[in-house]
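Enquirer: Here it is: the structure, laid out below.
The values are calculated or read from the model by the stated rules, or taken from the named source; none is laboratory data. These numbers come from a predicted model, not from an experiment. For neighbour counting, all protein chains shown are included, and Cβ atoms are generated from backbone atoms with ideal geometry for every residue, glycine included. Note: areas computed on protein heavy atoms with side chains; ligands, DNA, RNA excluded. Shrake-Rupley method; radii C 1.70, N 1.55, O 1.52, S 1.80 Å.
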Amino acid sequence: MENCGVKILGTGSYLPSRVLTNADLEKMVQTSDEWITTRTGIKERRIADDKTATSDLAVEAAKNALKEAGLAPTDIDAIIVATVTPDMFFPSTACLVQKQLGASKAACFDLSAACTGFIYGLACAKSFIESGMFSNILLIGAETLSKITDWNDRNTCVLFGDGAGAMVLGRTSGQKSVLSVHLGADGNYESLLKLPGGGSRNPATAKTVEERLHFMKMEGREVFKVAVMKMSEAAEKALEIAGKKTGDLALVIPHQANLRIIEAIAKRMALPAEKVYVNLHKYGNVSAATTIIALDEARKESRVKPGDLVELVAFGGGFTWGATVIQL
Ligand code: ACO
């Protein structure tokens, strides 16, 4: 597939309508709007209702992306869903999305790289398309983190939200959209951010439920330090691979975990505030869905225009990290 590149054909996002504000959280745990705002920048987040699973949010985001791409579900060769909150262990959420969309020709699988999942998925989609294996790929980042949040734990419950974003990618021999992807991981940090229960290490028992092991656990302060360092390095590496400089970028979309992390990265990259996208005040941290929801919003709000260079950079449990430079 000589000179074959990847083109972004469409993006879409979907957020559940229910809003949980910091004032609501004040009634649930010992916290305050002032603490949450100054420590994280988050003001509210979206929460899926009891009947809604990750695949339901993913399907809505996918429909929006397909509409913009002008493709039918049957035009899709592969569906990749990046998530840490699959509907169930198996079948994959991607298979459930395929069923709901009627994307009968697609190969389907889920991808687990926590908050970096969408960027890992973009690397997969790029490789599949450039190798000639698939032509059109539906890549989704979707989460219902509210379902694995311990609503009694103020250290974590103020941080996360639900939502989904999707991107349709196709093959081009013209202007490429995905110029570079850099990925990294360090499993030595596995204990700092995890969902301990329910897997083969701690299968579900009455004891694991009693010990609240089916909820996310995080050592926030440690995560914070490594996140700043690794996201800054990843952003630099992806720029280097693309042969671009920070000054060439129209916008940087960092993972939306904490405003102080975003500000620290912007400072390290010498980026002016107007070139850094922030929407975490509305949605909190939506893990694998975060960067694609933000990209879709930035496009729809005309914060970016066709031809602009945009960099996405993320960090998450594992630890995993990654960055990509794309040309819209
Ligand atoms: N309300 C009030 N007080 C709180 C709350 C709360 N919601 N949460 C914690 N506190 C208290 C703590 O108990 C602690 O009290 P103590 O000093 O008496 O023990 C105090 O506030 C300070 O706690 P720290 O943990 O030091 O607070 P910090 O300033 O580090 O902020 C935070 C915590 C927001 C979690 C921050 O560390 C952070 O954002 N970390 C990174 C998270 C991240 O990037 N995750 C990325 C990936 S997520 C994924 O992959 C799914």
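Enquirer: Mind checking which of ASN64, CYS4, VAL286 is farthest towards the positive end of the chain's charge dipole, using Cβ charges of +1 (Lys, Arg) and -1 (Asp, Glu) about the Cα centre?
Expert: CYS4
Enquirer: Right, here's the next one. For ARG212 and GLN30, FRET efficiency with R0 = 25 Å and r from the beta-carbon atoms, rounded to 0.05?
Expert: Plugging the Cβ-Cβ distance into 1/(1 + (r/R0)^6) gives 0.90.
Enquirer: Note down the relative contact order for region 5-175 as a percent, whole number, built from C-alpha pairs under 8 angstrom at least six residues apart.
Expert: Numbers: 373 pairs, mean separation 60.1, N = 171.
The normalised contact order for region 5-175 reaches 35 percent.
Enquirer: Mind checking the per residue accessible area of region 179-327 for me, 1.4 Å probe, whole number of Å²? The partial results should precede the final answer.
Expert: Numbers: 6740 Å² over 149 residues.
I get 45 Å² per residue for this part.
Enquirer: Place a point 7 Å from Cα of ALA72 in the direction of its Cβ. Which residues in region 92-135 have their backbone N less than 16 Å from it?
Expert: So the set is 101-106.
Enquirer: Classify the chain: rounded, prolate or oblate, from the alpha-carbon gyration tensor (a ≥ b ≥ c, eigenvalue square roots; a/c under 1.5 rounded; otherwise prolate if a/b is larger than b/c)?
Expert: oblate
Enquirer: Using 23 Å as the Cα-Cα cut-off, could you pick out the over-long pairs in LYS245/LYS267; LYS194/LYS244; LYS7/LYS237; LYS245/LYS300?
Expert: LYS194/LYS244; LYS245/LYS300
Enquirer: Compute the accessible area per residue over region 5-175, keeping the other protein chains in place, probe 1.4 Å, unit Å².
Expert: It amounts to 40 Å² per residue over region 5-175.
Enquirer: Rounded to the nearest 20 debye, what is the charge dipole size of the chain about its Cα centre when +1 sits on each Lys and Arg Cβ and -1 on each Asp and Glu Cβ?
Expert: 300
Enquirer: Round to a whole number: what % of the accessible area of the chain belongs to carbon and sulfur, probe 1.4 Å?
Expert: Carbon-and-sulfur percentage of accessible area, whole number: 51.
Enquirer: May I ask you to list the chymotrypsin sites (Phe, Trp or Tyr not before Pro) in region 126-162 that are in a DSSP loop and have at most 16 other Cβ atoms within 10 Å of their Cβ? Please list the in-between numbers first.
Expert: Details: sites: PHE128, PHE134, TRP151, PHE160; in loops: PHE134, TRP151.
Counting only loop positions with at most 16 other Cβ atoms within 10 Å, the chymotrypsin sites (Phe, Trp or Tyr not before Pro) in region 126-162 are TRP151.
Enquirer: Mind checking region 228-322 for GluC sites (Glu not before Pro) that DSSP puts in a loop (not H, G, I, E or B) and that have at most 11 other Cβ atoms within 10 Å? List each step's numbers first, then the result.
Expert: Working: sites: GLU233, GLU236, GLU240, GLU263, GLU274, GLU297, GLU301, GLU311; in loops: GLU301.
Taking region 228-322 and a limit of 11 other Cβ atoms within 10 Å, the loop GluC sites (Glu not before Pro) found are GLU301.
Enquirer: Could I ask something else about it? Return the loop-located trypsin sites (Lys or Arg not before Pro) in region 14-65 (DSSP other than H, G, I, E, B) with at most 15 other Cβ atoms within 10 Å of their own Cβ; answer none if there are none.
Expert: Numbers: sites: ARG18, LYS27, ARG39, LYS43, ARG45, ARG46, LYS51, LYS63; in loops: ARG18, LYS27, LYS43, LYS51.
Answer by residue number: ARG18, LYS27, LYS51.
Enquirer: For the chain, what is the calculated [θ] at 222 nm in deg cm²/dmol (nearest 500), taking -39500 (n - 2.57) for each run of four or more DSSP H residues and dividing by its residue count?
Expert: For the chain, the value works out to -10000 deg cm²/dmol.
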